[in-house]
Amino acid sequence: MNEATQQTPVLEARNIGKSLGGRPILSDLSLSVYKGEMKVLIGPSGAGKSTFLQCLNHLITPDTGELLLNGERISPANKGELRSLRERVGMIFQDFNLFDHLTAQENVSIALVKVKKMSRRDASLRAMMELERVGLSRRAGLYPAELSGGQKQRVAIARALAMDPEVILLDEPTSALDPELVGEVLAAIRELARGGMTMIMATHQMDFARALATEILFMEKGAIIERGAPASLLAPGAKTRTQAFFARLVAEESAC
Amino acid sequence: MQESILTICEAMPWILEGALITIGTVAAAMLLGLFLGVPMAIGQIYGNAATRGVIALYVWFFRGVPILVLLYLFYFGLVYQLNPLEFSLFGMQCSISLALSPFAASCIVLGLTSAAYQSQIFRGAINSLPSGQLKAARALGMRDFEAIASIILPQALRLSIPGWSNEYSILLKDSALVSVLGAMELMARTKAVATSTAEYTAFYVSAALLYFLITWIGLRGLRYAEKNFRIPGYSHL
Ligand SMILES: Nc1ncnc2c1ncn2[C@@H]1O[C@H](COP(=O)(O)OP(=O)(O)OP(=O)(O)O)[C@@H](O)[C@H]1O
Ligand SMILES: [Mg+2]
């Protein structure tokens, strides 16, 4: 990797602000993610993690601030630029959002046909390859309603990967899953990280964050109030908000 | 008694032909309503304020005025009285013929009315889909019209079939009204024969049975479509 690509973030958000219903939801958030990094967003419910992630691919239009993809500023008024941003930035949702009327394979191939203008045949082949990668090639013909939550989320991952994104945003990808299904999805994401995928992920999975995050960003009330490497934020005895938050999560889990 | 059976048998082919005209009218109106209703629903949900306002006004008008009034207004007030429509454009005398058969006028009025109702069926169906469907499509870089055409509508139309069945049976009954324009469909023919033979009971019972039969066949067809298009694993889609 040469010096220049090393120094240009894949995705950079500068001073993002957003109000909804007259209430400030995000204030002055900045973040740069470099190739192969995994940023982890944590924070209590309502902190603004989902809103922030959706600002990063303009599913929600921020009121202030700017986005740069590989150093190029995205102008929000240009619809073509927004679509190309979304094509290059993948997104995984908490509740999967698979297209309910399409099979797993069609879910993965449809954007290849509609957006990347691939032939149906090539798109189907590519979809099969991506499903294979997440261990679901034998489920290719099934509809979302016929899949388990973990399988649905893996199809969603395959759908995002098929677009060859430069960065993937993951919004609590395991929060809607039964505990026994969390592992298979985390394994798929771990596999991506190992392959050098750049990711920004909101999650409450502490062990996962500790093992894989290059940086943890702790959000509260729409602001990043703490950030750092997991080793420092989660060091034994560290008096950080992050540490306290996770300690409480663990306590809650063992209580029920 | 024998005589009346004979009269009925003689008149039946002519009445059945009227039933075919009724079916044609309803089919044309349903299709016109579909082709106008779908874009109207989309416009009402995704359109700008002006678009939404115009569509709301249209729906409000057609839901608020009785079909009978619309039929008279359209046929006598527009097609008959203003025909041919003459005006001058850039100094040229133009003349547009508004001449329409009662059948065509009926199809148009019923179709425009049905569009108002159908648009609300589709609007409800689209709104009942989780917002994440459109979000996911956009997140993949799809244009809004692509997302609507290939993600939203295929699901919404499935959900619309029960409402559509309802609209079909209402439209079939409303189609009896077009006899007032002189469209010789099932109702008009039944009335003509019943009056001239004074066999009121027999002919109106036969008309009732025919309407019932057409409703039943149509509803069976739509029920079949509903089952046929159902997505595996879903009870409601
Ligand atoms: N459309 C909206 N209008 C008004 N307020 C909104 C809207 N969407 C979200 N909010 C508010 O914005 C805040 C941040 O929401 P967001 O979903 O981003 O939080 P989050 O950190 O993702 O929470 P969670 O962990 O529960 O997913 C919340 O207080 C929420 O009520
Ligand atoms: Mg959230």
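The values are calculated or read from the model by the stated rules, or taken from the named source; none is laboratory data. All of these numbers come straight from a predicted model, not from anything done at the bench. Note that each Cβ is placed from the backbone with ideal geometry, even for glycine, and that neighbours are counted across all protein chains shown.
Out of all the residues in segment A:44-80, which are assigned to a helix (DSSP H, G or I) and crowded, with 16+ Cβ neighbours inside 10 Å? Listed by number, the residues that qualify are A:LYS49, A:SER50, A:THR51, A:PHE52, A:LEU53, A:GLN54, A:CYS55, A:LEU56. May I ask you to list pairs of residues, at least six apart or on different chains, whose Cβ atoms are under 6 Å apart, with the first in segment A:131-142 being buried (at least 17 other Cβ atoms within 10 Å of the Cβ) and the second being of a type in the set (Ser, Thr, Tyr) and assigned to a helix (DSSP H, G or I)? Within 6 Å, the pairs are A:LEU131/A:SER137.
In segment A:111-130, which residue that is of a type in the set (D, E, K, R) and in a helix (DSSP H, G or I) is nearest to the other protein chains (Cβ to nearest Cβ)?
As a first pass, look at segment A:111-130 and keep what is of a type in the set (D, E, K, R): A:114, A:116-117, A:120-122, A:126, A:130.
So of that shortlist, the ones also in a helix (DSSP H, G or I) come out as A:114, A:120-122, A:126, A:130.
Working: A:LYS114: 5, A:ARG120: 13, A:ARG121: 18, A:ASP122: 17, A:ARG126: 14, A:GLU130: 13 Å.
Among residues in segment A:111-130 that are of a type in the set (D, E, K, R) and in a helix (DSSP H, G or I), the one nearest to the other protein chains (Cβ to nearest Cβ) is A:LYS114.
Just one residue in the set B:SER150, B:SER175 is within 26 Å of the chain's Cα centre (by Cα), more than 8 Å from every other protein chain (Cβ to nearest Cβ) and small (Gly, Ala, Ser); that residue is B:SER175. Scanning segment A:199-256 for residues that are touching a Leu at 6+ places or on another chain (Cβ under 8 Å) and in a loop (DSSP other than H, G, I, E, B) turns up A:THR203, A:HIS204, A:GLN205, A:GLY222, A:THR240.
Yes or no, residue by residue, for (1) more than 16 Å from ligand 2 (Cβ to nearest atom); (2) without any contact (Cβ under 8 Å) to a residue 40 or more places away in the chain; (3) closer than 28 Å to A:ALA211 by Cβ:
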| residue | (1), (2), (3) |
| --- | --- |
| A:LEU11 | yes, no, yes |
| A:SER19 | yes, no, no |
| A:PRO24 | yes, no, no |
| A:LEU41 | no, no, yes |
| A:LYS49 | no, no, yes |
| A:GLY65 | yes, no, no |
| A:SER75 | yes, yes, no |
| A:LEU85 | yes, yes, no |
| A:VAL89 | yes, no, yes |
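If you go through segment B:184-196, how many residues are buried (at least 16 other Cβ atoms within 10 Å of the Cβ) and either β-branched (Val, Ile, Thr) or touching a Cys at 6+ places or on another chain (Cβ under 9 Å) (or both)? Show your work before the answer.
Of all residues in segment B:184-196, those buried (at least 16 other Cβ atoms within 10 Å of the Cβ) come to B:184-194.
Subsequent filtering for residues that are either β-branched (Val, Ile, Thr) or touching a Cys at 6+ places or on another chain (Cβ under 9 Å) (or both) retains B:190, B:193.
Looking only at that region, the number is 2.
Taking segment A:131-188 on its own, how many of its residues are away from chain B (no Cβ under 13 Å), acidic (Asp, Glu) and either closer than 16 Å to A:LEU98 by Cα or under 18 Å from the mean Cα position of the chain (by Cα) (or both)? The total comes to 2.
Being within 16 Å of ligand 1 (Cβ to nearest atom), in a helix (DSSP H, G or I) and closer than 23 Å to B:LEU129 by Cβ, is that true of even one residue in segment A:101-110? If you could, list the steps in order and put the result at the bottom.
Of the residues in segment A:101-110, the ones within 16 Å of ligand 1 (Cβ to nearest atom) are none.
No; the residues of segment A:101-110 include none that is within 16 Å of ligand 1 (Cβ to nearest atom), in a helix (DSSP H, G or I) and closer than 23 Å to B:LEU129 by Cβ.
Name the residue that is nearest to A:HIS101 (Cα to Cα), counting only residues in segment B:197-223 that are of a type in the set (Ser, Thr, Tyr) and surrounded by 11 or more Cβ atoms within 10 Å (Cβ to Cβ). Going through the qualifying residues, I end up with B:THR215. The residues of segment A:7-23 that are within 9 Å of ligand 1 (Cβ to nearest atom) and at pLDDT below 95, listed by number, are A:LEU20, A:GLY21, A:GLY22, A:ARG23. Residues in segment B:196-237 that are of a type outside the set (D, E, K, R), within 30 Å of B:LEU153 (Cβ to Cβ) and assigned to a helix (DSSP H, G or I): B:ILE214, B:THR215, B:TRP216, B:ILE217, B:GLY218, B:LEU219, B:GLY221, B:LEU222, B:TYR224, B:ALA225, B:ASN228. Regarding segment A:33-41, can at least one residue be identified that is of a type in the set (Ser, Thr, Tyr), within 14 Å of chain B (Cβ to nearest Cβ) and farther than 19 Å from A:ALA156 by Cβ? Checked against the condition, which is being of a type in the set (Ser, Thr, Tyr), within 14 Å of chain B (Cβ to nearest Cβ) and farther than 19 Å from A:ALA156 by Cβ, segment A:33-41 yields no hits at all.
Residue pairs whose Cβ atoms lie under 9 Å apart, sitting 6 or more positions apart in sequence or on different chains, and linking a residue in segment B:31-56 that is of a type outside the set (Phe, Trp, Tyr) to a partner that is not in a helix (DSSP H, G or I), are B:VAL54/B:GLY47; B:ILE55/B:GLY47. Elements of the type helices (runs of 4 or more DSSP H) sitting completely within segment B:1-95 and holding at least 2 residues that are surrounded by fewer than 13 Cβ atoms within 10 Å (Cβ to Cβ) and of a type in the set (Asp, Glu): these cover B:2-46. For segment B:124-145, the criterion of being touching a residue at least 60 places away in the same chain (Cβ under 8 Å), over 24 Å from the mean Cα position of the chain (by Cα) and either under 30 Å from A:GLN153 (Cβ atoms) or in a helix (DSSP H, G or I) (or both) is met by at least one residue. Name every residue in segment A:193-208 that is within 16 Å of ligand 2 (Cβ to nearest atom) and of a type outside the set (Ser, Thr, Tyr), in order of residue number. Listed by number, the residues that qualify are A:ILE200, A:MET201, A:ALA202, A:HIS204, A:GLN205. Scanning segment A:148-195 for residues that are part of a loop (DSSP other than H, G, I, E, B) and away from ligand 1 (no atom under 16 Å from the Cβ) yields A:SER148, A:MET163, A:ASP164, A:PRO165, A:GLU166, A:ASP178, A:GLY195.
In the set A:LEU26, A:LEU68, A:LEU53, only one residue is away from chain B (no Cβ under 14 Å) and within 16 Å of ligand 1 (Cβ to nearest atom); that residue is A:LEU26. Out of curiosity, is A:ALA223 within 16 Å of ligand 1 (Cβ to nearest atom), more than 14 Å from chain B (Cβ to nearest Cβ) and touching an Asp or Glu at 6+ places or on another chain (Cβ under 6 Å)? The answer is no for A:ALA223.
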